[in-house]
Each structure stands twice: as C-alpha cells, then as structure tokens.
Amino acid sequence: MSAAPSPSSASSSTQPGVTSVRRNLAANFLGSAWISLLSLGLVPIYIHFLGIEAYGLIGIFVALMGLLALLDLGLSSTVNRETARLVVREDTAQDLRDLVRTLELPYWGAGALIAAVVVAASPFLAYRWVQPESLAPETVLTAFIIMGLSIAFQWPLGFYAGGLVGLQRQVLLNWINVGMATLRGLGALTVLWLVSPTPEAFFLWQGGVSAAQTALTAALLWRSLPLGSRRARFSVDALKSVWRFAAGVTGIAVVTTVLIQADKVILSRMLSLEGFGYYVLAGAVALALNRLTGPVYQAVYPRLTNLVELGATDELARLYHRSAQLLSVAVLPAAAVLALNSYDILLLWTQNAETAENAHVLVSILVTGTALNALMHTPYALQLASGWTRLALVANIIAVVLLVPLMIVLASQ
C-alpha cells in the first residue's frame, strides 16, 4: 500500500469530493423523502387491513431486526470506512476486493444463524412472550417463523449497502432503495387487498422482496469495486487490518442496540399487543426524523474518511461544521412541529380519533428524544472516520447502566 499523499496533493483532490457530497446529499434526501412518504402513507392502510394487533407484530419484526444487528460485528461500518479509505489510495484494488470477500462470508454465516435462532424461538415468542387478544396463537407463530426467514435475507443488505456508500455510489443505492421500497410497500398493499389480509401474507411478501434487494445490491457492489489482478478471496491479513475498528464498532452496536431496543422488549412483555401497537405507531412517527438524519450522515461519513486518509485537515473541518449545521437546520424545525402538534398530525394521518388520542403524547416524547439524538450523528461520523470508537462506547455504556433500570421501573408504573 502506498504512503499517504502530501498535503498539496491532498488539497487538490478534495474539490471533486465537494461535488460528490452534494450529489449524494441530494440523492439521499430525495430517496429518503419518497420512502418516508410511502411508509407513512401505507401505515394507516396496513392497520385498516391487518388491525392494530397485527401491526404490533410488524413493530416486533422491526425490534428483532434491531436486536439481531448485534451479530453485525461492526462489519457494515467497517466495509463502509475501508472502501472509502482504500479507494483514494493507489494500488489497493485487490486489497479492497479481498477485504469485501473476507467480511462477506461471516455475514452470511450469521444470517443462517439468525434464521435458525428466530425459527427455534418462535413457539416461545408466540405463546409466552406476546399477548394477543384477537389474533390466533397459530397465526402469530407462523408470522414469527416467516419473520426469521425474512430477516436472514434482509439482514446482509446493510453490509452491501455500506460498501456502496463507501464507494460514493449513493445515487445508485438510492435508486435501488426507492425501487424496492415501492415494490415492497405497494406490493404488500396489493397482496393484503387482493390475496389475503393476514400477517402471514404480509411477511411472505416482505421476505421475498428483501431477498431480491439483497441479491441486487450485492451484485452491484461487486461490479462497482475496482478490478483486481485475480479473483477475490478470504484473507487473514485483511481481517487483521480491521479487527480493532470492527471490535470497537461492535461494542458500540451492542450497547446502542440494548439502549434503543430495551423499550420495545420491555413494553412488548408488559403491555397488551394493542397497547404495544400504539407505542410502535408513535415510534414510527418519531423515527421519520431519521429520514432527515440518515441522508446527511450517509453522504458525509465516507467523505470525512477520504479527507482523514488524505490528511486534508482544513477541508475536513469545513465539511464537519457545514454538515453539523445542515443537520440542525433539517431536524430541529421538523421535530418542533411534530412534537407541538402531535394530536392534529396523527388525526390527519390516521383519520382515527381513538388512535390519535392514545398515541399523541408518546409521539411528542419520542420525537423530542429522537431529535436530540440526531444532533450526535455528525460528531459520531467524524469519530468513526478517524478510527476512534472509545468515546461513543463509553458514553453508551453509561447510558445503558443508567437508563435501562430506570425504564423498567417507570414502565411498571
């Protein structure tokens, strides 16, 4: 691997990156806006066809995806950073291809493990964990089994998407995401309307589309990688070069996942499935703010990594401050509108006064917390771009130690 370029060459290479960041930002915002509008528009229709209890199962599916992200082992963030770092250096094409192959294999192995664990746990989850009132336990059991198989195919998507983000192929990635989100959402609606308005039919469709999206994204990542001198292969040296960073990101992922998913795990056990459905609905509204956070983080993180690798400190500082300002301007006004007008927005969205009454206070609380969390994304991107994982790990450990016990005590009230 060649040495880092001199400061002068680094400076000359940063200008094209400004255009790529702007282009990626535009693509990310447009793609995110479409997916958000589609998701928010379809939720009331899903509830109409499935009922609030079955929609609670969708919330459990999302929570399972979050919990099983622990098996990521930091690999998606690692492939993002390493592709962004290696692509600006000379004579690293083969190293990059070997690294992707090396990280890809354990990812699929973990996918098989996910399917086995969720399917094996399905009877316990269906008969002991959730508390359905109108849904038959057999329906819930089948839904959990299909969830497990769907997760196995959907979960590796993050790895391949991370590679495309690191390569600055975010316009292409957004085309994939928009097309598949449209197929997933409108296709599920068609299935519920014309075929079978059941959770089983919904999750079967989701699983099929997820498998297709993962396969397509994987194929396009490999076509986007620079050509090497031979076929890509598993490399112990590649694994050694990234294990410290991957381990740090894994530690962050573990404690962050516990922190983020603890409320859903606790409430899915303590509330009726209907009550948990209202909570999931409120969470879906709050998480819509991530549609504003994600585009900025996704566009900026690989470019920050480029600039750290090139040693372009001045350009790094400018991009950091501008992206932090952009994130604040994008998130805070939207959060204020949602938090202060939650009842009216829910009523307009769902056309159901009972739903708005049961969920609007939760929306206000969760939106406020999500907005504050969003402001940490730009500093976190710079930490990862620099390979510094300790600060986020320590901060999240402290948060888990303090907040999870408090959450259990307050939820019981």
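General remarks:
- Residue in the stretch 288-318 that is farthest from the chain's Cα centre (by Cα), counting only those that are among the small types (Gly, Ala, Ser) and at negative phi: Ala312
Matching residues to (1) among the hydroxyl-bearing types (Ser, Thr, Tyr); (2) in contact with a helix residue (DSSP H, G or I) (Cβ under 8 Å, 6 or more places away or on another chain); (3) part of a helix (DSSP H, G or I):
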residue	(1), (2), (3)
Leu259	no, yes, yes
Ile266	no, yes, yes
Tyr278	yes, yes, yes
Ala284	no, yes, yes
Val300	no, yes, yes
Leu304	no, yes, yes
Glu309	no, yes, yes
Arg318	no, no, yes
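- From Leu393, Leu366, Leu340, residue being at pLDDT 90 or above and either under 20 Å from the mean Cα position of the chain (by Cα) or under 18 Å from Phe245 (Cα atoms) (or both): Leu366
- Residue list for the stretch 222-255, restricted to those being among the aliphatic types (A, V, I, L, M) and at pLDDT 80 or above: Leu225, Leu227, Ala232, Val236, Val249, Ile252, Val255
- Given (1) free of Cβ contacts under 8 Å to residues at least 12 places away in the same chain; (2) closer than 22 Å to Gln261 by Cβ; (3) aliphatic (A, V, I, L, M), number of the condition Leu362 does not satisfy: (1)
For every residue, the table says whether it meets (1) more than 29 Å from Glu90 (Cα to Cα); (2) over 21 Å from the mean Cα position of the chain (by Cα); (3) among the aromatic types (Phe, Trp, Tyr).
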position: Phe159; (1), (2), (3): no, no, yes
position: Val165; (1), (2), (3): no, no, no
position: Ile176; (1), (2), (3): yes, no, no
position: Met180; (1), (2), (3): yes, no, no
position: Pro199; (1), (2), (3): yes, yes, no
position: Gly207; (1), (2), (3): yes, no, no
position: Ala219; (1), (2), (3): no, no, no
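- Taking the numbered list (1) touching a Ser or Thr at 6+ places or on another chain (Cβ under 6 Å); (2) farther than 20 Å from Arg322 by Cβ in turn, Pro295 passes all entries but (2).
- Qualifying residue in the stretch 236-255 (condition: in a loop (DSSP other than H, G, I, E, B) and out of contact with any Cys (no Cβ under 8 Å at 6 or more places or on another chain)): no
- The condition of being modelled with pLDDT under 70 and within 24 Å of Ala381 (Cα to Cα) holds for only one of Leu73, Leu86, Leu96, that being Leu73.
- Taking the stretch 33-62 as the range and being under 17 Å from the mean Cα position of the chain (by Cα) and surrounded by 20 or more Cβ atoms within 10 Å (Cβ to Cβ) as the test, the residues that pass are Ile35, Ile58, Gly59, Ile60, Phe61.
- When residues of the stretch 197-236 are limited to those that are surrounded by fewer than 20 Cβ atoms within 10 Å (Cβ to Cβ) and among the aromatic types (Phe, Trp, Tyr), the one nearest to Gln168 (Cα to Cα): Trp222
- Residue check, Ala356 closer than 27 Å to Gly275 by Cβ, crowded, with 16+ Cβ neighbours inside 10 Å and either at pLDDT below 90 or in contact with a Leu (Cβ under 6 Å, 6 or more places away or on another chain) (or both): yes
- Filtering the stretch 178-204 to residues that are in a helix (DSSP H, G or I) and farther than 22 Å from Gly31 by Cβ leaves Thr190, Val191, Leu192, Trp193, Leu194, Val195, Pro199, Glu200, Ala201, Phe202, Phe203, Leu204.
- Test: residue in the stretch 91-114 that is surrounded by 14 or more Cβ atoms within 10 Å (Cβ to Cβ), among the small types (Gly, Ala, Ser) and closer than 19 Å to Gly59 by Cβ: no
- Test: residue in the stretch 19-26 that is closer than 20 Å to Phe159 by Cα, surrounded by 21 or more Cβ atoms within 10 Å (Cβ to Cβ) and at pLDDT 80 or above: yes
- When Ala335, Ala288 are screened for being crowded, with 16+ Cβ neighbours inside 10 Å, aliphatic (A, V, I, L, M) and either within 25 Å of Leu173 (Cβ to Cβ) or touching an Asp or Glu at 6+ places or on another chain (Cβ under 8 Å) (or both), only Ala288 passes.
The values are calculated or read from the model by the stated rules, or taken from the named source; none is laboratory data. Remember, predicted model here, so these are calculated numbers, not experimental data. Cβ: placed from backbone, ideal geometry, glycine included. Neighbour counts: every protein chain shown.
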